[in-house]
Amino acid sequence: MTATDRSIELINAAAQAAADRLAHDIIAYDVSDVLSITDAFLLASAPNDRQVKSIVDEIEERLLKDLGAKPVRREGDRDARWILLDYVDIVIHVQHSEERVFYALERLWKDCPEIELPEDAVRTRGKAAEHAQLNGGTEGEQS
């Protein structure tokens, strides 16, 4: 089984929205063969809490406006260190860069096929490491 066309459409729109808000290291996995609860995961990160919120808000707005999709659940708003958007067909994780490194969700899903994303999203790969180097090797806690 593979992710549905609708799931791919949602993933691509969400990835583009995240890239437009300068998310780091955007990647998506087709998890439909290993999970029955969703087709795909999108992972993205940002160096501070405010940007995590901004990315999530942009994704929600874009998916609603362009595709008529609303999340059935949104978790993690209080701290904005890891916000999860559940659209049933897809689940989006936007994490503070420190949480992204600590939880390493990519490790859990590395055996699942990657979903091809828009070029803007692909170009975000490695941005967290670049940002850390520019900021003296730390990610900063600015909000």
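The values are calculated or read from the model by the stated rules, or taken from the named source; none is laboratory data. Note that this is a predicted model, so its numbers are computed, not measured. Backbone-built Cβ (ideal geometry, glycine too); neighbour counts: all protein chains shown. These area figures cover heavy atoms from the full protein model, side chains too; ligands, DNA and RNA do not enter into them. Shrake-Rupley method; radii C 1.70, N 1.55, O 1.52, S 1.80 Å.
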Do we find a residue being free of Cβ contacts under 8 Å to residues at least 12 places away in the same chain and open to solvent by 20 Å² or more (accessible area, probe 1.4 Å) anywhere in the range 43-50? no
Condition met for E119 (among the charged types (D, E, K, R) and open to solvent by 70 Å² or more (accessible area, probe 1.4 Å)): yes
When you scan the range 13-29, do you find a residue that is free of Cβ contacts under 8 Å to residues at least 24 places away in the same chain and open to solvent by 50 Å² or more (accessible area, probe 1.4 Å), even just one? no
Complete set of residues in the range 51-73 that are among the small types (G, A, S) and farther than 10 Å from V94 by Cβ: G68, A69
Quick one: how many residues across the range 51-91 are more than 23 Å from R123 (Cα to Cα), touching a Pro at 6+ places or on another chain (Cβ under 8 Å) and open to solvent by 20 Å² or more (accessible area, probe 1.4 Å)? 1
Identify the single condition in (1) open to solvent by less than 70 Å² (accessible area, probe 1.4 Å); (2) over 13 Å from I11 (Cα atoms); (3) at pLDDT 95 or above that L35 does not satisfy, given that it satisfies every other one. (3)
Contact list please: Cβ distance under 6 Å, first residue in the range 67-85 and over 15 Å from D57 (Cβ atoms) and modelled with pLDDT of 95 or more, second residue part of a loop (DSSP other than H, G, I, E, B) and open to solvent by 60 Å² or more (accessible area, probe 1.4 Å), pairs at least six apart or on different chains. V72/V88
Residue count, the range 92-104 (criterion: surrounded by 18 or more Cβ atoms within 10 Å (Cβ to Cβ) and either on the phi > 0 side of the Ramachandran plot or not acidic (D, E) (or both)): 7
In the range 38-75, what count of residues is obtained for those that are within 13 Å of R6 (Cα to Cα) and within 13 Å of the chain's Cα centre (by Cα)? 1
